[in-house]
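Engineer: I have a structure I would like to understand better, so I am pasting it below and will then ask my questions one at a time.
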Amino acid sequence: MNAVSSTGDTPIDYAILHALEEDMAGNDSEIMLELIDIFLDDSPARLDSIGQAMEEGDLRKAEINAHSLKSSAATFGALGLSTLCQRMELCARTGQQKCLSEALKAARLEFASAQVALREQRAKWAKAAIQ
């Protein structure tokens, strides 16, 4: 299996992100800021954990971390990242080290793009919270 790239032109599906805002934050921007911060802080650690697990030959640990990140990414509208995590999950489950390595490399790049977009959105919500 080969790694896939982002599923769209933008790293974030803003309709999903704004639906999350409506569902979770309502009128409280602070909640949305906290949720984004958690995702932005946790995701690099998950990607690192997948890489470390791969180096240690613990593909089950890689699979679990990929699964968790897949769900989180989808929640924030980072569908390209979620797709790559699904690929990593499958690669780990089927013992395909090269596939896992390629998907991890692509996921790191995709996260970097999603991170920029989410930080921009976070800045907007932070500004709105001040007003």
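The values are calculated or read from the model by the stated rules, or taken from the named source; none is laboratory data. Please read all numbers here as calculations on a predicted model, not as lab measurements. Cβ: placed from backbone, ideal geometry, glycine included. Neighbour counts: every protein chain shown.
Engineer: Under 9 Å by Cβ, and 6 or more places apart or on different chains, what pairs join a residue from region 108-131 that is hydroxyl-bearing (Ser, Thr, Tyr) with one that is not in a helix (DSSP H, G or I)?
Structural biologist: Final answer for the pair search is SER113/SER6; SER113/THR10; SER113/PRO11; SER113/ILE12; SER113/ALA78.
Engineer: Restricting region 69-95 to residues that are of a type in the set (A, V, I, L, M, F, W, C) and under 22 Å from MET24 (Cβ atoms), which is surrounded by the fewest Cβ atoms within 10 Å (Cβ to Cβ)?
Structural biologist: Checked region 69-95; the qualifying residue surrounded by the fewest Cβ atoms within 10 Å (Cβ to Cβ) is ALA74.
Engineer: If only one of ARG46, ARG60 is assigned to a helix (DSSP H, G or I), surrounded by 13 or more Cβ atoms within 10 Å (Cβ to Cβ) and at pLDDT 95 or above, which one is it? Can you show your working first?
Structural biologist: Working: ARG60 fails: surrounded by 13 or more Cβ atoms within 10 Å (Cβ to Cβ).
Being assigned to a helix (DSSP H, G or I), surrounded by 13 or more Cβ atoms within 10 Å (Cβ to Cβ) and at pLDDT 95 or above holds for just one of ARG46, ARG60, which is ARG46.
Engineer: In addition: Just to be sure before I move on: is LYS98 more than 13 Å from the chain's Cα centre (by Cα) and either part of a helix (DSSP H, G or I) or among the aliphatic types (A, V, I, L, M) (or both) in the structure I sent?
Structural biologist: Values: more than 13 Å from the chain's Cα centre (by Cα): yes; either part of a helix (DSSP H, G or I) or among the aliphatic types (A, V, I, L, M) (or both): yes.
So LYS98 passes the test.
Engineer: Let me ask another. Pick from ALA106, ALA114, ALA73: which is touching a Cys at 6+ places or on another chain (Cβ under 7 Å) and of a type in the set (A, V, I, L, M)? Before the answer, list the steps.
Structural biologist: Numbers: ALA106 fails: touching a Cys at 6+ places or on another chain (Cβ under 7 Å); ALA114 fails: touching a Cys at 6+ places or on another chain (Cβ under 7 Å).
Just one listed residue meets the conditions, ALA73.
Engineer: Looking only at region 101-131, count every residue that is assigned to a helix (DSSP H, G or I) and over 22 Å from PHE39 (Cβ atoms) and tell me the total. Show your work before the answer.
Structural biologist: Initial filter on region 101-131 (assigned to a helix (DSSP H, G or I)): 101-130.
Applying the additional criterion that residues be over 22 Å from PHE39 (Cβ atoms) yields 101-102.
So the count comes out to 2.
Engineer: Of these, ALA66, ALA53, which one is in a helix (DSSP H, G or I), crowded, with 16+ Cβ neighbours inside 10 Å, at pLDDT 95 or above and touching a Cys at 6+ places or on another chain (Cβ under 8 Å)?
Structural biologist: On the way: ALA53 fails: touching a Cys at 6+ places or on another chain (Cβ under 8 Å).
One residue alone meets the criteria, ALA66.
Engineer: Note down all Cβ pairs under 8 Å where the first residue falls in region 44-60 and is closer than 15 Å to GLN96 by Cα and without any contact (Cβ under 8 Å) to a residue 60 or more places away in the chain, the second is small (Gly, Ala, Ser) and assigned to a loop (DSSP other than H, G, I, E, B), and they're at least six residues apart or on different chains.
Structural biologist: What qualifies is LEU59/GLY95.
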